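K.L.:
Here it is, the structure, as structure tokens.
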Amino acid sequence: MLCDVVSVSPTPDFQIDLEYANGERRRFDMRPLLQMKPWSRIAAPAQFSRATVDYGTVVWPGDIDIAPETLYDDSVALSAKQRQ
């Protein structure tokens, strides 16, 4: 069962910190995707930082999103120290 993303925090180095409905916190590295369409449209820091959560996943203006399965499967758990 896939758990919904409930909050997202973009980092300056094009990663996103995710919090899931079950309380889990994970980090996803967007850098490899920013070379490809449609994510190349958010490769500027000002655009990337506009990430929000909608329908349980991360979205950006201009109808750009990413599959919640990809976010979870390709992210790493954040340690307590990384969450601070």
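Values quoted throughout were computed directly from the atomic coordinates according to the rules given, and no laboratory measurement underlies them. Since this is a predicted model, take the numbers as computed values, not measurements. Please note: Cβ atoms are built from the backbone with ideal geometry, for glycine as well, and neighbour counts cover all protein chains shown.
K.L.:
Quick check on my filter: what residues within region 8-26 are buried (at least 17 other Cβ atoms within 10 Å of the Cβ) and under 19 Å from residue 55 (Cα atoms)?
P.N.:
Hits for region 8-26 are 8, 10, 16, 17, 18, 19, 20, 25, 26.
K.L.:
Still on this model: Going through 40, 75, 79 one at a time, which residue ends up being of a type in the set (Ser, Thr, Tyr) and in contact with a strand residue (DSSP E or B) (Cβ under 8 Å, 6 or more places away or on another chain)?
P.N.:
Details: 40 fails: in contact with a strand residue (DSSP E or B) (Cβ under 8 Å, 6 or more places away or on another chain); 79 fails: in contact with a strand residue (DSSP E or B) (Cβ under 8 Å, 6 or more places away or on another chain).
Of 40, 75, 79, the one residue that is of a type in the set (Ser, Thr, Tyr) and in contact with a strand residue (DSSP E or B) (Cβ under 8 Å, 6 or more places away or on another chain) is 75.
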